[in-house]
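Structure first, then comments.
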Amino acid sequence: MGIYAITGGATGIGDAVKNRLRTQGHEVLVIDIKSADIQADLSSEEGRGWANSELARIAVDGLDGFVACAGLGPHVMPYSLITRVNYFGAKASVEGARDLVAQKNGAIVVVSSTSAVFDYEDNFLTLLHEDKEQEACAAADKLDGQTAYGAAKYALTHWMRQHSAAYAAGGVRMNAIAPGYTNTPLNAMAQASSEYAAAIAAYKASIPIGFAGEPEDQASAVCYLLSPEARFICGSVLFVDGGSDAQMRPGEF
């Protein structure tokens, strides 16, 4: 059996991935701000460095796979916190795990979002792509929560695509999933807010397949991409959204 690590494994999609892998007999190391094997705050450089050093210390023989799942929803304030965790924290955690995964010719899965496909303000994206964290966070606080969230997921997915070939050359397959609406505690909090309740209700009602996703639906996709069965899939984004993206963008793929 293998050994895997996952950020954001305490709740929601991350928890479902953790449980699925453990049910398959694998060892799973959880990196999270609470209820974790490695407790770390991925919103700070210090927390990211601590998480990466602890992971390297524990998984000295390498990892079969790594999942970057930790993230915050658009209802979280300040919006710069979304930027710090969803982009800079996620990217740093993947970079920190790269060599460990390469030791076992394993796989990395990044959790993106269907929100990543839309157009966002160019200057903000440029700051993200150029790794100007402080400037990007200052810009995020002038945006709305959905834009800060979607742009961070866009930038992360773009980064994954840009680097997947280099990672593959080093023995690491890297892909992403793009969840649609999924019944997680994070989304429940967003739906409970007056700002997002109506939009979320309408989005859920519009899902072509007729129901919202569950964390286990996302976990199934993640575990497939981690597995040897997906050995020829690299640099891809798998939409796990009940058909929402195809409905919104039928002419694009």
query: Just wondering, is there one or more residues in region 224-238 that are among the β-branched types (V, I, T), in contact with a Phe, Trp or Tyr (Cβ under 7 Å, 6 or more places away or on another chain) and surrounded by fewer than 19 Cβ atoms within 10 Å (Cβ to Cβ)?
result: no
query: Considering region 200-221 alone, what residues qualify as being among the aliphatic types (A, V, I, L, M) and either surrounded by fewer than 13 Cβ atoms within 10 Å (Cβ to Cβ) or in contact with a strand residue (DSSP E or B) (Cβ under 9 Å, 6 or more places away or on another chain) (or both)?
result: A201, A202, A205, I207, I209, A212, A221
- request: Please specify each residue of region 26-74 satisfying the condition of being within 21 Å of T157 (Cα to Cα), part of a loop (DSSP other than H, G, I, E, B) and in contact with a Gly (Cβ under 9 Å, 6 or more places away or on another chain).
  value: L42, S43, S44, C69, A70, G71, G73, P74
task: Scan region 75-88 and give yes if some residue there is within 14 Å of the chain's Cα centre (by Cα), part of a helix (DSSP H, G or I) and aromatic (F, W, Y), otherwise no.
output: yes
task: Report, by residue number, each residue of region 163-193 that is closer than 20 Å to R84 by Cα and of a type in the set (S, T, N, Q).
output: N187
field: Which numbered condition I13 fails, given (1) assigned to a helix (DSSP H, G or I); (2) free of Cβ contacts under 8 Å to residues at least 60 places away in the same chain
entry: (2)
- request: Please identify the pairs in which a residue from region 215-229 that is in contact (Cβ under 8 Å) with a residue 24 or more places away in the chain and closer than 14 Å to N19 by Cα has its Cβ atom under 8 Å from the Cβ atom of a residue that is among the polar types (S, T, N, Q) and not in a helix (DSSP H, G or I), counting only partners at least 6 apart or on another chain.
  value: P215/T182; P215/N183; P215/T184; D217/T182; Q218/T182; C223/Q24
task: Grab the helices (runs of 4 or more DSSP H) fully contained in region 109-174, keeping just those with 3 or more residues being touching a strand residue (DSSP E or B) at 6+ places or on another chain (Cβ under 9 Å) and not basic (K, R).
output: 145-169
message: Based on this model, can you work out whether G235 counts as touching a residue at least 60 places away in the same chain (Cβ under 8 Å), in a loop (DSSP other than H, G, I, E, B) and within 19 Å of Y154 (Cα to Cα)?
response: yes
- request: For G8, state whether it is under 24 Å from S164 (Cα atoms), buried (at least 21 other Cβ atoms within 10 Å of the Cβ) and in contact with a strand residue (DSSP E or B) (Cβ under 8 Å, 6 or more places away or on another chain).
  value: yes
message: Given the condition at pLDDT below 95 and not hydrophobic (A, V, I, L, M, F, W, C), answer yes or no: does some residue in region 74-81 qualify?
response: yes
- line: When every residue in region 177-222 that is β-branched (V, I, T) and either in a helix (DSSP H, G or I) or touching a Cys at 6+ places or on another chain (Cβ under 9 Å) (or both) is compared, the one nearest to A246 (Cα to Cα) is I200
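The values are calculated or read from the model by the stated rules, or taken from the named source; none is laboratory data. In this text the structure is predicted, and so the values were computed from the model without any measurement. No Cβ is skipped: glycine too gets one built from the backbone with ideal geometry, and neighbour counts run over all protein chains shown.
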